[in-house]
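First the structure, in the form of structure tokens, and then the observations on it.
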Amino acid sequence: MSMGNMAIAKRSSAKAIILLGLALLSCVADGVSRGHLFKASARRSVAVINRKVFDVTTFGAKTENQMPGGKSTAAGVKLGVKLDLPSLPGDDEKVDSSEEEAGPGEAGPGESPSDDNASAFIKTWVAACRGNYSGPATVLIPKGTFMTGPVIFQGPCTSSKEPILVEVEGYVKASTDLSLYASPEWFTFEMIDGLIVTGEGTFDGQGESTWKSNGCQDKSSCAQAPSSLKFNHVNNTLVERITSLNSKFFHAHIYGCTNLTMNNVHITAPGDSPNTDGVHTSTSTNVKVLNSVIATGDDCVSIGQGSNDILVNNVTCGPGHGISVGSLGKRKDDKSVSQIHVSNCTLRNTTNGARIKTWAAESAGEASDITYENIVMDQVQIPIVIDQNYGQKKPKAGTGPAGGPPSKWKISNVHFRNIRGTSSRNIAVSLQCSSSNPCDGIEMADINFSYLGGAVKDTSLTTECYNAKIAPAGVQIPPLCP
């Protein structure tokens, strides 16, 4: 090769490297911009963005008052298969959705009643997310009461690099016909990067009809009831201001997500409603639950397997089973959890307060770097709990841990700091750790409880500790185990 050709080759190679570098920087910048969507300036940026509004009523959704006889049939799209939904026109005018062809799982003209709100909701989403329209978009569920079966809002979205916004101003009711739910979710958001769900509206799961038997008499043969809101592999997400009422199962299930914040949400179900966890996380990273009021029949927040870097702050919980890490280890593939921080919360009339729970099963893993601090307990049955006998038959109070094999999960580097208030039972602190994997590094700092229970003669408080290595600091009321 001549010297001239060598020079040209070098310049071409250098140019290719520069172009590749610019492309990579562009990709990184796009990811970073999405990751910063929900910091302090996020709401201001959302407010000034000019978004096209896609109203579900334009695509055929009807309120109960618009239905024959004033009620919806609540037909839904059965889940369990990936929907190949059509791309819809995206011009600036409202779209006549009756001219669109129906995709798999959708209702076409004349195939089902016109009140198939699930199909209308999904068509609206497709038009806003990946239709012909290009630009920032809002999916609007306006004021009014809408009945619907299961709905999937699926990405990826191609309309804009800005997060797609779902504004819920109406009252959305879940169908009580469990045969519609081929998969245990009602509203599913999945495979989306950049999502905002907001509004003053309500998701009503209508769980009252399923809580006793999940809708069937033979409970052993019943399918799992659907969670109200499922966030499945959704990244860079903000959920705020909405209300979730009376879910059939979990209110919000966060799975496989990164950088998701729930802020100022209201979650409500009766104290005796089974498995109605307020927020449940699993296999997720950088999840925040902030400034919210949660009242349920199960854990207000349950931090499940594979959860890392989770923050729960300024949450009012009760009734319910407390704010829990776990349960962990019931399934063989359960993954470890770490970097859990629960702070500035108030728990009222809950069965447990700050709790970590693992099963004594074949699964092994670790729960580490967990902090509960600055928490007020108001008539909580057991304010501080580590239970590594979860799922086993409980012994009578004061008789020691349950029998059976020990848990294989290791709990370490746990901090209970500045936790105070009232206990409605005599045992205010219960630390039942595994005999084969004792708990290490359990800090108990400034723990101060008084008894406020029923009319009993003994109002003293005690602690129980098994296989726990404790580091005390500051006030200890009741006194720690010797």
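The values are calculated or read from the model by the stated rules, or taken from the named source; none is laboratory data. Computed from a prediction, not measured in an experiment: that's the story for all the values here. Note that we place each Cβ from the backbone using ideal geometry, even for glycine, and neighbour counts take in every protein chain shown. Note: areas computed on protein heavy atoms with side chains; ligands, DNA, RNA excluded. Shrake-Rupley method; radii C 1.70, N 1.55, O 1.52, S 1.80 Å.
Rounded to whole Å, the principal axis extents of the Cα atoms in the stretch 327-482 read 44, 31, 28, largest first. Pairs of alpha carbons in the stretch 433-482 separated by more than 11 Å make up 72% of all such pairs.
Residues 351, 276, 202, 176 ordered from highest to lowest accessible area at a 1.4 Å probe: 176, 351, 202, 276. Here the stretch 280-422 exposes an accessible surface that is 47 percent carbon and sulfur, computed with a 1.4 Å probe and the other protein chains kept in place.
Each residue of the stretch 168-181 is assigned a 3J(HN,Hα), and the resulting list reads 10, 10, x, 10, 9, 10, 7, 4, 8, 7, 5, 5, 6, 9 Hz, derived from the Karplus form 6.51 cos²θ - 1.76 cosθ + 1.60 (θ = phi - 60°), x at Gly and Pro.
Around the amide H of residue 263, modelled in the peptide plane, lie the amide H atoms of 239, 240, 241, 290, all under 5 Å away and 5 or more residues distant in sequence or on another chain.
Seen from every direction in turn and averaged, the convex hull around the alpha carbons of the stretch 223-297 projects onto 4.5 nm². For residue 389, what residues show an amide H to amide H distance below 5 Å, using hydrogens built from the backbone and excluding near sequence neighbours? Long-range HN contacts for residue 389: 358. Extending 7 Å from the Cα toward the beta-carbon at both residue 336 and residue 311 defines two label points whose distance is 2.4 nm.
Remark on residue 330: its backbone amide H falls under 5 Å from those of 359, a criterion applied only to residues 5 or more positions apart or on other chains, H modelled at 1.01 Å from N.
Cα centroid separation, the stretch 163-202 to the stretch 341-394: 30 Å. The Cβ shell under 12 Å around residue 381 holds other residues with a net charge of +2, Lys and Arg each +1, Asp and Glu each -1. By a 1.4 Å probe calculation restricted to protein chains, residue 362 has an accessible surface near 130 Å², given to the nearest 10. Of 420, 241, the residue with the largest accessible area leads and the full order is 420, 241 (1.4 Å probe).
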